[in-house]
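The values are calculated or read from the model by the stated rules, or taken from the named source; none is laboratory data. Note that this is a predicted model, so its numbers are computed, not measured. Positions of Cβ are generated from backbone atoms using ideal geometry, with glycine treated the same way; all protein chains shown enter the neighbour counts.
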């Protein structure tokens, strides 16, 4: 079963330690890859952009492998913000990294593929945020 949290809670988890904190912003405005990267840069976080496999021709498992190949393994508690997160009564998804394959399958069964357009993955324990942009790039936000 998918474990959902509010978009406000998700934004707060993604931006721990940022000054100024974008958590005061409206989550729907801040939880867009371009805007989140802009806010991160303004808050002194390191922002890097790399090309990634096109989501239109890749499965969720292929996209997950591409993300991990570019930015390292996903570990611990993860926060996923997908296109489905903005639906009524959905929100962000809290996922243990060991449950990723099951999460990908259940998300697709209930909503759509996880990597369908823009997807944000937060790794709060590492202070890392990965934004998969619909323009086939991955924006990595890390502590300076």
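Taking (1) crowded, with 21+ Cβ neighbours inside 10 Å; (2) under 13 Å from the mean Cα position of the chain (by Cα) in turn, residue 127 satisfies each apart from (1). Screening residue 50 on (1) touching a helix residue (DSSP H, G or I) at 6+ places or on another chain (Cβ under 9 Å); (2) under 24 Å from residue 6 (Cα atoms); (3) exposed (fewer than 13 other Cβ atoms within 10 Å of the Cβ) shows it passes everything except condition (2). For the criterion of being surrounded by 13 or more Cβ atoms within 10 Å (Cβ to Cβ) and under 12 Å from the mean Cα position of the chain (by Cα), residue 32 passes.
Let's see how each residue does on (1) loosely packed, with under 12 Cβ neighbours inside 10 Å; (2) at pLDDT below 90; (3) within 24 Å of residue 101 (Cα to Cα):
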position	(1), (2), (3)
2	no, yes, yes
7	no, no, yes
14	no, no, yes
25	no, yes, no
54	no, yes, yes
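Every test in (1) without any contact (Cβ under 8 Å) to a residue 60 or more places away in the chain; (2) over 19 Å from residue 3 (Cα atoms) is passed by residue 70 save one, and that test is (1).
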